[in-house]
Amino acid sequence: MSAARTTIGLIGVGRIGTMHAKNLQALRAEGVDLVLADAHRPRAEQLAAELGVRAAPGAEELFGTVPDGVVIAVGTSHHAPLIRRAAESGIPAFCEKPVAQSTEASLPVLQTLQETGAVVQIGHQRRLDAGYLEARRAFRSGELGWLHTIRAITCDMFPPPVEFLAGSGGLFRDCSVHDFDVLQWLTGQQIVEVYARGSNNGDPAIGKVGDVDSATTLATFEDGTLASVSATRYNGAGHDVRLELHGSEDTLQVGLDGSYAGRSAELEVGFPLGTHHQTFHERFASAYREEMRAFVQLVRGELENPCTAFEAVDASRVADAAQLSLETGVPQPVRR
Ligand SMILES: NC(=O)c1ccc[n+]([C@@H]2O[C@H](COP(=O)([O-])OP(=O)(O)OC[C@H]3O[C@@H](n4cnc5c(N)ncnc54)[C@H](O)[C@@H]3O)[C@@H](O)[C@H]2O)c1
């Protein structure tokens with residue numbers, strides 16, 4: 001390895017890890033070398049052969065190669081030990097959201113990060129999406145004025161397997177948490193109270209594992225601004241993630257592109273013209289590419305951390321409050 005190259009070890013080559021691996025491999029010409037590992041060894045070896053990169057027998061052996069950075073893309077229950085393993089080795093890490101299975105379980109991880117000063121970027125990819133970045137710029141520059149109405153929606157086309165949902169922490173922690181995070185990042189304000197309701201009109205198996213298939217959260221910010229945050233697993237038209245910012249001076253919408261999954265009821269409107277997005281992979285393809293590029297820059301000391309573990313846990317606290325509001329049927333403060 002030449003001194004100028006950066007080696008990234010990637011652990012977990014499932015749904016999202018495979019995509020991150022491909023995006024990292026695309027940075028090869030920019031000096032990135034990749035090593036893969038997975039608890040299911042043949043899975044890592046197969047992807048490594050496909051991409052022409054190295055595979056380590058497992059996560060421990062991968063840490064043994066002392067990469068410059070690690071990408072942790074394993075299931076949620078394995079995030080915390082691997083983040084701590086990286087922190088204690090002084091290796092910068094990127095970890096998929098969330099930091100741990102619950103906010104409580106995240107606290108010892110934050111403690112370790114505080115003690116070691118370790119660098120950990122969490123995978124809230126919307127912070128690297130061109131549309132959300134433009135919305136943040138427009139709001140912060142004052143172009144939109146003050147916001148009287150915010151509407152955020154995250155609609156999956158199909159539910160993931162029920163086994164995944166059973167361990168996901170529920171719709172707020174799995175899905176709406178992306179909106180809670182991006183809204184706090186965009187406005188620079190914390191959400192202080194939430195009132196959430198949910199419904200189950202799809203597969204009854206989702207209710208049986210204690211989750212809802214659709215939900216709306218009314219979120220109140222520090223200055224009293226309101227946002228509605230909706231999510232569903234059943235959006236037949238396609239994968240639809242949008243944000244409407246309605247201000248006293250102007251209105252801006254993120255995600256209203258040619259592949260928007262919907263149509264106008266006004267007959268003369270020919271929009272959208274393209275094929276509807278079907279998955280989060282398609283909707284955020286460029287944001288995921290930018291996310292891996294940002295992590296490499298973070299490892300090289302060229303960029304500030306786009307999403308710290310502390311910020312990600314703060315969004316998880318909002319999701320916890322939404323889950324509690326759903327369960328109790330009353331508004332809940334966000335406990336910090
Ligand atoms: N940011 C996003 O938009 C987004 C989207 C999807 C998933 N995610 C998150 O990504 C994570 C992974 O989700 P997924 O759908 O790719 O899961 P997955 O089940 O498809 O893949 C996980 C992979 O990790 C491997 N693995 C598990 N434990 C391991 C360990 N200790 N060491 C090495 N390998 C291990 C498994 O064998 C599997 O190949 C989840 O935490 C999920 O919340 C984020």
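The values are calculated or read from the model by the stated rules, or taken from the named source; none is laboratory data. Please read all numbers here as calculations on a predicted model, not as lab measurements. Methodologically, a virtual Cβ is constructed for each residue, glycine included, from the backbone with ideal geometry; neighbour enumeration extends over all protein chains shown. Surface accessibility is based on the protein's heavy atoms, side chains included, excluding ligands, DNA and RNA. Shrake-Rupley method; radii C 1.70, N 1.55, O 1.52, S 1.80 Å.
On the principal axes of its alpha-carbon atoms, segment 76-183 has extents of 45, 37, 22 Å, going from largest to smallest. What is the distance in Å between the Cα centres of segment 4-36 and segment 113-172? Going from one Cα centre to the other spans 23 Å. For the pair Ala29 and Gln114, a Förster radius of 56 Å applied to the C-beta separation gives a FRET efficiency near 0.90, rounded to the nearest 0.05. Computed over the alpha-carbon pairs of segment 201-244, the distance histogram in 5 Å steps reads 5, 17, 20, 20, 17, 11, 7, 3 percent, short to long.
DSSP beta bridges in the chain, what fraction antiparallel, as a percent rounded to 5? Percentage antiparallel, nearest 5: 55. Only beta bridges with both residues in segment 6-122 are counted; by DSSP, about 0 percent of them are antiparallel. Helix screen, the chain: DSSP H segments with Cα axial length of 27 Å or more and mean Kyte-Doolittle hydropathy at least -0.5 are 309-328. Charged side chains reduced to their Cβ positions (Lys and Arg at +1, Asp and Glu at -1) give segment 244-294 a dipole of some 320 debye around its Cα centre.
Of the peptides 309-319, 41-51, the order by per-residue mean of other Cβ atoms within 10 Å, starting with the highest, comes out as 309-319, 41-51. Between Val269 and Ala105, the C-beta separation translates, for a Förster distance of 56 Å, into a calculated FRET efficiency of about 0.70. Annotation for segment 222-266 versus segment 277-328: alpha-carbon center distance of 19 Å.
A simple charge model with +1 on the Cβ of Lys and Arg, -1 on the Cβ of Asp and Glu and nothing else charged puts the dipole of segment 6-122 at about 260 debye relative to its Cα centre.
A full extension of the chain between Leu218 and Asp257 corresponds to an added length of 11.5 nm, given 0.36 nm per residue minus the alpha carbon distance. Taken along the Cα-to-beta-carbon direction at a fixed 7 Å, the label points for His281 and Ala39 span 2.2 nm. Counting only heavy atoms of the protein chains and using a 1.4 Å probe, Trp185 has close to 30 Å² of accessible surface. Over the chain, accessible surface divided per residue gives 45 Å², non-protein components excluded, 1.4 Å probe. Tell me, what % of the accessible area of the chain is carbon and sulfur with a 1.4 angstrom probe? Roughly 51 percent of what the probe reaches on the chain is carbon or sulfur. Short-range pairs are left out: with C-alpha atoms under 8 Å and at least six residues apart, the relative contact order of segment 6-122 is 24 percent. For segment 143-280, taking Cα atoms only, Rg and Dmax work out to 16.0, 46 Å respectively. Normalised size of segment 6-122, defined as Cα radius of gyration per 2.2 N^0.38 Å with N residues, equals 1.00. With point charges of +1 on the Cβ of Lys and Arg and -1 on the Cβ of Asp and Glu, referenced to the Cα centre of the chain, which listed residue (Leu298, Asn235, Val74) lies farthest in the positive direction of the dipole? Farthest towards the positive end: Val74. With the convex hull drawn around the C-alpha atoms of the chain, the volume per residue stands at 148 Å³.
In this label model, Trp146 and Gln297 are separated by 3.4 nm, measuring between points 7 Å along each Cα→Cβ vector.
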